[in-house]
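Okay, structure first, notes after.
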Amino acid sequence: MKMLNMKKVTAASLALLMGLSLTACGSSSVSSSQSETSTQAASDSSSGETATTTDTANSGDKTKVLVWSKNSHDLEYMTEKVKEYNLTNTDNIEIEYVVQSSSDYLNLITMSASSGQLPDVFANTMVNLSEFAEAGIIQPLNDMMTDEFKKVNEVDTHTYEGINALGEEVYWVAGGMRSGSRLIYNVELFKNAGVEIPTTLTETVDVAKKLTKAGAGVSYGTIFPGLSSPFERWIEHSAELSGVTPYDYVNGKYDFTGFKPFIEAVRQMFDDGSVLPGSASMEIDPTRTQFAAGNVGFYGNASQEAGVLTEQFPAEYEWSVAQLPTLDGTIKGALSSNPNSGWFMSGTTKKKEAAWKVIEYFHSEDFLKGYIEGGYTLPISTYMDSIVDKSKMGRLSLFALQDYEAVYPQAPTVTPAGETYRDALWNACLSNGPDIDETIETLNKTYNEALDKDVASGKVQRLVIENFDSLHPNDGTITYLDK
């Protein structure tokens, strides 16, 4: 049995954070090694093709560092800063920056590792950190971090076991924070339908129905991106606020029972015809365009939507945000927020020093100041929070972090037989979907069988938190069990 004291994310520190980045907005792929390449890359993107780059050799006397990202929302800023670095750095380094299809990004990284074609640096995504580390896909950054780097990014304060660190080894550093999800709503449609912001599940179903009736076949109550993680956009987070999580931290097992009323509510909205027709087979960007065009009353997502609805798909109507509805209108659990804007270094790069110089640049004070003020991420460090001009962050202020938001301890990552819980629970949300009780029973069985097997084999450890408080998930004593 191993004991570990986790870093705490306090209400006071969360209150200092102000806005957040897109972590995957669409599936366009763009190469911006140099500024003139972005036009061709945009053309590749519009045809649905992924821009690929295989030349990682030195360019003249410069060391070329290949960087992959999954983000297209910040391309203008990244292109500008990459060009600036390539023209002015004194280390003889050239960044070749490629935006890959966000929907295939994790698989692309895994396949590239298998074929020995990993980029030198790649944007972080949610991975099984221990598996990636053990496989040598990534490497720790500790021995490269300078005092200045640690000061700007407050590395010691924002190190999270199983998320960006394993024990003392830090594999990526958060440059920003993504807020938890909010209810994003069309002010005009709510006013025309004479409805208020729903605070409970029952009210949400009723409001969606009334918005749809008032829309008279033109606009509908809500929308879900059925092909782009629909369950975790906001359904899962409404459950979190109600004290429901997929992992039972007290007993060290998975338990999906508490999701039942949330699934029932969404299925009812489908049955009522309150969901925009066809949205169950849409990617995220088409659902955003439907909201921006005024065809949807509300949907749920995190703070990246501030940039999406002002720059990528400018909303044609007034919109605002509100707290997500909960089971009974009260908050009984923390809303998960996520550290982001970090970079992995390939475990196989032959250009370690140059790759680190690029990561160091992406985490520099000047780079982060412009990135945060551009509305791409919330400042995670108090240092950056103190120097950014928040008046430049635009509508990200609507997503300012609340004192009930926190970074949850990372539950053990397992691979169950059958569907993942998010896919299975989403399918149960649909009209004529599988039986809800049977779906939950199956998930409880497959996930706990996988957990027991992986613990027994030593692949993972069982996480148990003594005195777990769902409103303050980092306050209890964390224990890792070998059985």
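The values are calculated or read from the model by the stated rules, or taken from the named source; none is laboratory data. Source: prediction; values computed, not measured. Note: ideal-geometry Cβ built from the backbone for every residue, glycine included; neighbour counts use all protein chains shown. To get the accessible areas, we keep the full protein, side chains included, count just its heavy atoms, and leave off ligands, DNA and RNA. Shrake-Rupley method; radii C 1.70, N 1.55, O 1.52, S 1.80 Å.
Measuring between their Cα centroids, segment 371-413 and segment 437-483 lie 29 Å from each other.
Only protein atoms count toward the accessible area here, which uses a 1.4 Å probe; on the chain, the carbon and sulfur part of that area reaches 48 percent. Could you give log10 I(q)/I(0) at q = 0.13, 0.14, 0.18 Å⁻¹ for segment 262-385, computed by the Debye formula over C-alpha point scatterers of equal weight, without solvent? Here log10 of I(q) over I(0) equals -0.80, -0.88, -1.12.
Mind checking the per residue accessible area of the chain for me, 1.4 Å probe, whole number of Å²? If you can, show how the numbers build up before the last one.
Details: 19980 Å² over 483 residues.
Per residue, the chain has 41 Å² of solvent-accessible surface.
The accessible area of Phe270, taken with all protein chains in place and a 1.4 Å probe, comes to roughly 40 Å².
Sorted largest first, the spans of the alpha carbon positions of segment 172-314 along the three principal axes are 49, 35, 27 Å. Between Asp423 and Ala456, the modelled label-to-label distance comes to 2.5 nm, taking each label 7 Å out from Cα in the direction of the beta carbon. Setting aside same-chain residues fewer than 8 positions from Lys453, which lysines have a Cα under 17 Å from its Cα? Within the straight-line limit of under 17 Å, Lys453 reaches these lysines: Lys253, Lys445, Lys483.
Computed from the Cβ-Cβ distance with R0 of 35 Å, the FRET efficiency linking Ser391 to Asn142 stands at 0.45.
Report the normalised scattering of the chain as log10 I(q)/I(0) at q = 0.13 Å⁻¹, calculated by the Debye formula with identical scatterers on the alpha carbons. Computed log10 I(q)/I(0) values: -1.33. The relative contact order of the chain comes to 25 percent, based on Cα pairs under 8 Å that sit 6 or more residues apart.
Among the lysines, select those whose C-alpha is under 25 Å from the C-alpha of Lys209, and discard any that sit fewer than 8 residues away in the same chain. Straight-distance partners of Lys209: Lys191, Lys260. A probe of 1.4 angstrom, applied to the heavy atoms of all protein chains, finds Met111 with accessible area near 120 square angstrom. Rounded to the nearest 0.05, what FRET efficiency is calculated for Lys62 and Ile197 with R0 set to 51 Å and r the Cβ-Cβ distance? Efficiency at R0 = 51 Å is approximately 0.40.
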